[in-house]
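First up is the structure itself, then whatever we jot down about it.
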Amino acid sequence: MYSVQRQSLILELLEKEGEVDVNKLAERLSSSRETIRRDLKELEGSGLLQRTHGGAVPIEKKYSDGYEYPLLARGLQKYEEKQKICQATAALLEDGDTIFLDNSSTTMNLLKYIPKDIKITVITNSSQVMLEAGRINNENIVVISLGGIFSPKNYSVIGMLSNRYAQGFYPDKAIMSCRGVDEKSGMTDASIHEIEVKRNMIDHSKQFILMADYSKFGLTGAICIGSLAEIDVIVTDSKVDREKLNMFKDLKTRIIITD
């Protein structure tokens, strides 16, 4: 098991049980105690938990900071679910598509699942997406970066320039994630800094695809992105509570649930 998979499972157990124990984690994950302690140290360094004697507990949620972990730290959360969502979303892309990818821990893994025999143009405000494009080195993927001020916490570009550049694009598909999906609040996010870019891309795109793992449903963030009626396709994972999907029953939204 790779460290990112192991750490993702540790976070999931911590979320369910409220605390984790090194000895029990070592047994459940078939790893040594030394490996588990190293994982907990790395997760604490990312601000995802607080170590205790013999284990770890959740950190206090800082709502005054918008309660949003750094991008790379969020990438560890629901790791397997996000990979499956990316695979299913990549299958929706067509040769010649121009797409927008926002700066989220879900979308940053999409590029590696795009079939190598189709040509795609990607517009993004995510530095991590650009780094991923360089890593996979697929000549059929052209990346256009929106300008702006670099945000080291989220690996994104933000501000007036980003918003201005975004207004000039009309992608075939806008692909994004969000903080929460709720029947009353619609789509919400934790930070105001990228909302205008997202709104421009939703308004200008021919199709809007929302990628949301099971934990997003029923949550609300501080800032509204848009209404549920604006979502053309939603891609989620098999752990989703089917009852929570009833919020889409009177809408034309296509729902894709991964295996």
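The values are calculated or read from the model by the stated rules, or taken from the named source; none is laboratory data. Here the structure is a predicted model, which means the values were calculated and not measured. Virtual Cβ from ideal backbone geometry, glycine too; neighbours counted across all protein chains shown. Surface accessibility is based on the protein's heavy atoms, side chains included, excluding ligands, DNA and RNA. Shrake-Rupley method; radii C 1.70, N 1.55, O 1.52, S 1.80 Å.
Brief remarks follow.
- Test: residue in segment 231-240 that is in contact with a Gly (Cβ under 7 Å, 6 or more places away or on another chain) and either in contact (Cβ under 8 Å) with a residue 60 or more places away in the chain or not basic (Lys, Arg) (or both): no
- A residue that is within 22 Å of Pro152 (Cα to Cα), of a type in the set (Ser, Thr, Tyr) and either surrounded by 14 or more Cβ atoms within 10 Å (Cβ to Cβ) or at pLDDT below 80 (or both) occurs somewhere in segment 39-51.
This table checks each residue for (1) of a type in the set (Val, Ile, Thr); (2) assigned to a helix (DSSP H, G or I); (3) more than 26 Å from Val240 (Cα to Cα).
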| residue | (1), (2), (3) |
| --- | --- |
| Ala133 | no, yes, yes |
| Lys153 | no, no, yes |
| Tyr170 | no, no, yes |
| Ala174 | no, no, no |
| Glu196 | no, yes, yes |
| Asp203 | no, yes, yes |
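- Residue check for Lys173: open to solvent by 30 Å² or more (accessible area, probe 1.4 Å) and either under 20 Å from the mean Cα position of the chain (by Cα) or charged (D, E, K, R) (or both): no
- Taking segment 227-259 as the range and being over 17 Å from the mean Cα position of the chain (by Cα) and outside any loop (DSSP other than H, G, I, E, B) as the test, the residues that pass are Leu228, Ala229, Glu230, Arg242, Glu243, Lys244, Leu245, Asn246, Met247, Phe248, Arg254, Ile255.
- Residues satisfying the stated conditions in segment 87-104, i.e. more than 13 Å from Val142 (Cα to Cα) and not β-branched (Val, Ile, Thr): Gln87, Ala88, Ala90, Ala91, Leu92, Leu93, Glu94, Asp102, Asn103, Ser104
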